[in-house]
1. Principal axis extents for region 256-349, Cα atoms only, whole Å, descending order, please.
2. Take M1, M69 and sort them by solvent-accessible surface of the protein heavy atoms, 1.4 Å probe, largest at the top.
3. Tell me, Kirkwood radius of the chain from alpha-carbon pair distances, in Å?
4. Report in % the part of the accessible area of region 263-338 that belongs to carbon and sulfur, leaving out ligands and nucleic acids; probe 1.4 Å.
5. Give the relative contact order (percent, whole number) for the chain; include only Cα pairs under 8 Å separated by 6+ residues.
6. Pull up the DSSP beta bridges for region 2-168 and report the antiparallel fraction as a percent, rounded to 5.
7. Before I look further, what does region 59-121 give for accessible area per residue, probe 1.4 Å, in whole square angstrom?
8. Treat each spin label as a single point 7 Å out from the Cα along the C-beta direction, and report the A349 to A143 distance in nm.
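The values are calculated or read from the model by the stated rules, or taken from the named source; none is laboratory data. On a predicted model such as this, the values are computed, not experimentally measured, just so you know. Because the Cβ atoms are built from the backbone with ideal geometry, glycine has one as well, and the counts that use them run over all protein chains shown. Just the protein is used for accessible areas: all its heavy atoms, side chains included, with ligands, DNA and RNA removed. Shrake-Rupley method; radii C 1.70, N 1.55, O 1.52, S 1.80 Å.
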Amino acid sequence: MHVVATAGHVDHGKSTLVRALTGMEPDRLEEERRRGLTIELGFAWTAPLGGEPLAFVDVPGHERFVATMLAGVGPVPAAMFVVAADQGWQRQSQEHLAVLDALGVRHGLLAVTRRDLTDAATAARVRADALERIAATSLGEVAAVEVSGATGQGLDDLRAALADLTAALPEPDRSADVRLWIDRVFTVQGRGTVVTGTLGAGTIRTGDRLVAGGATVRVRGLQSLKEQRDEVGAVARVAVNLHGADDGIRRGDALLTPGRWLATDLVDVRLHGDPARDLPRRLVLHVGSAAVPVHVRALGDDTARLALERPLPLRAGDTALLRDPGRHRVPAGVAVLDVRPEPFTRRGA
């Protein structure tokens, strides 16, 4: 399976496009369908492209739900960036692109949507402007397709571009230690707790013992794309039925291979973005589906020490971002350097 997240400004047609590509309704909540506004993460999938199914994580575009957007896009290796032909680049277009750049996402494509609502010259200008902005980020040069989810115009071209995109994705390490960032938790009567997430590396099998929130749990059952499985390997959307889970599991927790992950509340990081000394002291660290307030202490122009409000399972090399929710901006991307830094022994060290 391949997994792609949507990105882009509110009301630019992300959910409409996913619906047209998959024939499935990504908006799960009645309020979402009534308002025509994505609030929570949505999931849908297509028939196989090039022999493998393609799943979409459909994210909200409204600025009030950027934290939810980050929970969906954080663990996903590729993005379909959506810009409406009749509106062009908007505020959340810029913030979503900054998110992808901060996370170091390198695989994506541009869908210029609502093509039926404007003329060819306007659509071409929007396309050129968006491609120029995207090229200046970690995504680099990407393919672009003009499309209408309402009329079907360009959908075959978009399917072909998605097939090319997924074919270029790197092969995941299915033997890696499991760290499944949880983006949804619910209860099934008679079965207990079920969690969902995007498995980026490793393999989960029925009967496995994993750790969640410091407690050991057993995998009672697995589903991927609504099919029961004995095992699921990366990359995949997966639902895991857990035995022994307590009521404290929530979005932002992770299912982990026992004994292989250090939960840390102090990390040294390298930054790309604003200089470390210009950052506010209080920001929110987004990694995987987790969002944790942190205290920032500058160590140099591009390095800082982060004190996390709660521990997270991190390793050197992990990528994340720092967000200033009060100002609706991403001041810096983060690469984790050290998850057990030496303490400072004197004032001003």
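1. 38, 34, 20
2. M1, M69
3. 20.8
4. Its accessible area is 47 percent carbon and sulfur atoms.
5. Result for the chain is 14 percent.
6. 20
7. Using a 1.4 Å probe on heavy atoms only, each residue of region 59-121 averages 30 Å².
8. Roughly 5.3 nm, to one decimal.
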